Amino acid sequence: LKRRILVIYDGIHYDALAFTFDPNLPEELDLTQFSPKDEMIIQRAQQLCDQQHRSRKFTDTSNFTLRCLVCQEGLKGQAEAQQHAQQTGHQNFAEY
């Protein structure tokens, strides 16, 4: 029996797509595997991604703002964080 799983990438990490029948039910009852023939789930996943993108529910890694938690320097984007890490050896950052 072939099954399909879907993941959504927000610019930083991946999350498994889960379908819930009722948000009040336990997460264990969510569907996370789907038939490869179920085109409706693909359409619904695309709608969700479009909605999330319009709502800016993603991380723009080239423009997000970070702070080095070692020296408190403010940085913009992944490139600046990587450069800072290479120059200082600091590797602890937080988005703000």
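The values are calculated or read from the model by the stated rules, or taken from the named source; none is laboratory data. Source: prediction; values computed, not measured. A quick note on method: Cβ atoms are made from the backbone with ideal geometry, for glycine too, and the neighbour counts reach across all protein chains shown. Just the protein is used for accessible areas: all its heavy atoms, side chains included, with ligands, DNA and RNA removed. Shrake-Rupley method; radii C 1.70, N 1.55, O 1.52, S 1.80 Å.
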Inset, instruction - Output yes when any residue across segment 63-72 is within 19 Å of the chain's Cα centre (by Cα), under 30 Å from Ala94 (Cα atoms) and open to solvent by 50 Å² or more (accessible area, probe 1.4 Å), and no when none is. - result: yes
Inset, instruction - Only one of these is without any contact (Cβ under 8 Å) to a residue 24 or more places away in the chain and in contact with a strand residue (DSSP E or B) (Cβ under 9 Å, 6 or more places away or on another chain): Glu39, Glu27, Glu73. Name it. - result: Glu73
Inset, instruction - Taking the residues in segment 73-96 that are open to solvent by less than 50 Å² (accessible area, probe 1.4 Å) and under 15 Å from Gly11 (Cβ atoms) as candidates, determine which candidate is modelled with the lowest pLDDT. - result: Gly77
Inset, instruction - Tell me which residues, restricted to segment 42-62, are free of Cβ contacts under 8 Å to residues at least 24 places away in the same chain, in a loop (DSSP other than H, G, I, E, B) and either open to solvent by less than 80 Å² (accessible area, probe 1.4 Å) or among the polar types (S, T, N, Q) (or both). - result: Ser55, Ser62
Inset, instruction - Take Val7 and decide whether it is free of Cβ contacts under 8 Å to residues at least 60 places away in the same chain and under 15 Å from the mean Cα position of the chain (by Cα). - result: yes
